[in-house]
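K.L.:
Got a structure for you, questions after.
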Amino acid sequence: MNSPLYFSGFTTLSPEIELQLIPDAKPQYLNLGGDAVVICVHGFTGTPYEVAPAARAIANTGLSAVAPLLPGHGYKQRSDQERAFASITKKRMLAAARQEIAQARKQYAHVGMFGFSMGGAISLTMAAEGLLDACAVAAPALRLPLKAERLIPLVGWASFTLEAPHQEPFYVPGYEFQHSWALRALWQVSRHARSQLSKVQCPVLGIHSHNDSTVPPIVLGLMEKHIPQPIETAWFNDSDHLMLLDVSGPDVALTIANFFQRQFLK
């Protein structure tokens with residue numbers, strides 16, 4: 001299996017590729033026409049399924065929404081998962097986001113991006129590069145758990161997998177393991193995004209939970225400190241990390257949709 005750069009939400013999958021993917025991992029495109037689109041970017045080990053509630057809420061406002069599948073993610077067979085996941089890098093992840101934005105710009109005058117967790121770090125990087133007209137993030141992975149931040153630089157050169165089954169009381173399609181090289185890529189994306197916050201110029205919304213057990217809540221404070229202009233923030237403390245699928249999911253999705261509606265449907 002040759003892992004492609006990523007699977008765009010704007011491109012129809014071939015039957016061969018569809019067979020290789022988890023059914024709920026497929027890219028999504030809710031085309032409402034108009035002159036604005038929001039790209040919804042999933043997190044580490046995840047799929048477009050975890051950002052689909054936001055995409056649907058955005059579409060309900062009359063804006064188009066698209067959710068690509070990031071490099072190395074979404075494969076059905078464990079052997080394919082391990083091969084693909086070990087191949088991801090910071091460079092490939094950011095290149096995928098840039099390419100999806102370039103695809104969007106061919107059809108839309110205004111492009112926003114919503115990112116969850118690692119997707120949030122990617123989205124803030126794209127905003128810092130001046131590629132977005134608006135940016136919203138939920139639990140953006142600008143910081144990782146302290147243990148991870150200490151260990152990944154030390155062991156990221158080695159190749160090994162760590163089992164990480166989902167513990168949530170709801171359905172979550174995605175990988176139930178982590179690969180050391182993929183973790184290294186996540187750590188690098190996180191550090192890079194953090195270093196670029198001072199370059200963000202577009203409107204920004206940051207959403208988080210003080211009870212997130214994966215991404216420390218200090219990340220919204222980092223955004224407020226380093227992004228030059230005031231940002232919008234919202235807290236949903238009844239939820240854990242997978243905010244859009246947890247108990248506050250509908251309210252989280254509506255908050256994201258309303259933010260983009262204000263930016264693009266004035």
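The values are calculated or read from the model by the stated rules, or taken from the named source; none is laboratory data. Since this is a predicted model, take the numbers as computed values, not measurements. Please note: Cβ atoms are built from the backbone with ideal geometry, for glycine as well, and neighbour counts cover all protein chains shown. The area values use the complete protein model at the heavy-atom level, side chains included, leaving out ligands, DNA and RNA. Shrake-Rupley method; radii C 1.70, N 1.55, O 1.52, S 1.80 Å.
K.L.:
Scanning the range 130-142 for residues that are out of contact with any Asp or Glu (no Cβ under 7 Å at 6 or more places or on another chain) and within 17 Å of N211 (Cβ to Cβ), which turns out surrounded by the most Cβ atoms within 10 Å (Cβ to Cβ)?
P.N.:
If we filter the range 130-142 for residues that are out of contact with any Asp or Glu (no Cβ under 7 Å at 6 or more places or on another chain), which is where we start, we get 130-138, 140-142.
Subset that is within 17 Å of N211 (Cβ to Cβ): 138, 140-141.
Values: A138: 33, P140: 30, A141: 28.
Going through the qualifying residues, I end up with A138.
K.L.:
Against the condition over 24 Å from V252 (Cβ atoms) and at pLDDT 95 or above, how does H179 come out, does it pass? Talk me through it step by step, then tell me what you get.
P.N.:
Details: over 24 Å from V252 (Cβ atoms): yes; at pLDDT 95 or above: no.
So H179 fails the test.
K.L.:
Report, by residue number, each residue of the range 57-113 that is surrounded by fewer than 16 Cβ atoms within 10 Å (Cβ to Cβ) and either under 24 Å from F264 (Cα atoms) or aliphatic (A, V, I, L, M) (or both).
P.N.:
If the condition is that a residue be surrounded by fewer than 16 Cβ atoms within 10 Å (Cβ to Cβ) and either under 24 Å from F264 (Cα atoms) or aliphatic (A, V, I, L, M) (or both), then N60, G62, A95, R98, Q99, A102, R105, K106, Q107, A109 are the ones that fit.
K.L.:
Give the residues of the range 50-67 that are in contact (Cβ under 8 Å) with a residue 60 or more places away in the chain and not in a helix (DSSP H, G or I), sorted by residue number.
P.N.:
Within the range 50-67, T61, G62, L63 meet the criteria.
K.L.:
Sticking with this one: Determine whether L197 is modelled with pLDDT of 95 or more, among the aliphatic types (A, V, I, L, M) and under 21 Å from S239 (Cα atoms).
P.N.:
Values: modelled with pLDDT of 95 or more: yes; among the aliphatic types (A, V, I, L, M): yes; under 21 Å from S239 (Cα atoms): no.
Answer is no for this residue.
K.L.:
Please find, among S239, S213, S209, S190, the residue that is of a type in the set (S, T, N, Q), over 21 Å from M93 (Cβ atoms) and touching a helix residue (DSSP H, G or I) at 6+ places or on another chain (Cβ under 8 Å).
P.N.:
Answer to the check: S239.
K.L.:
Something else about it: I'd like the full set of residues that are more than 16 Å from the chain's Cα centre (by Cα) and either without any contact (Cβ under 8 Å) to a residue 24 or more places away in the chain or open to solvent by less than 10 Å² (accessible area, probe 1.4 Å) (or both), limited to the range 24-36.
P.N.:
Across the range 24-36, the qualifying residue is only A36.
K.L.:
Just checking, does the range 31-40 include any residue being farther than 22 Å from L142 by Cα, in a strand (DSSP E or B) and not aromatic (F, W, Y)? Give the derivation first.
P.N.:
We begin by selecting, within the range 31-40, every residue farther than 22 Å from L142 by Cα; these are 31-37.
Of the ones still in play, those that are also in a strand (DSSP E or B) are 36-37.
Still in the list and also not aromatic (F, W, Y): 36-37.
Within the range 31-40, one or more residues are farther than 22 Å from L142 by Cα, in a strand (DSSP E or B) and not aromatic (F, W, Y).
K.L.:
How do the pairs read when you match residues in the range 196-221 that are among the hydroxyl-bearing types (S, T, Y) with residues anywhere that are open to solvent by 20 Å² or more (accessible area, probe 1.4 Å) and outside any loop (DSSP other than H, G, I, E, B), using Cβ under 8 Å and keeping only pairs 6 or more apart or on different chains?
P.N.:
S198/H226; S209/W235
K.L.:
Moving to a separate point now. Restrict the check to the range 66-88 and report whether at least one residue is at pLDDT 95 or above and touching a Cys at 6+ places or on another chain (Cβ under 8 Å).
P.N.:
Checked the range 66-88: at least one residue is at pLDDT 95 or above and touching a Cys at 6+ places or on another chain (Cβ under 8 Å).
K.L.:
Can you tell me how many residues in the range 143-172 are hydrophobic (A, V, I, L, M, F, W, C), open to solvent by 40 Å² or more (accessible area, probe 1.4 Å) and either closer than 24 Å to T255 by Cα or part of a loop (DSSP other than H, G, I, E, B) (or both)? Spell out the reasoning first.
P.N.:
Initial filter on the range 143-172 (hydrophobic (A, V, I, L, M, F, W, C)): 144, 146, 148, 151-152, 154-155, 157-158, 160, 162, 164, 170, 172.
Retained after the next criterion (residues that are open to solvent by 40 Å² or more (accessible area, probe 1.4 Å)): 146, 151, 154-155, 157, 160, 162, 170.
Going one step further and asking which of them are either closer than 24 Å to T255 by Cα or part of a loop (DSSP other than H, G, I, E, B) (or both), we end up with 157, 160, 170.
Selection size over the range 143-172: 3.
K.L.:
Read through the list (1) at pLDDT 95 or above; (2) open to solvent by 30 Å² or more (accessible area, probe 1.4 Å); (3) hydroxyl-bearing (S, T, Y), then give the number of the only condition that S3 fails.
P.N.:
(1) is the only condition that S3 fails.
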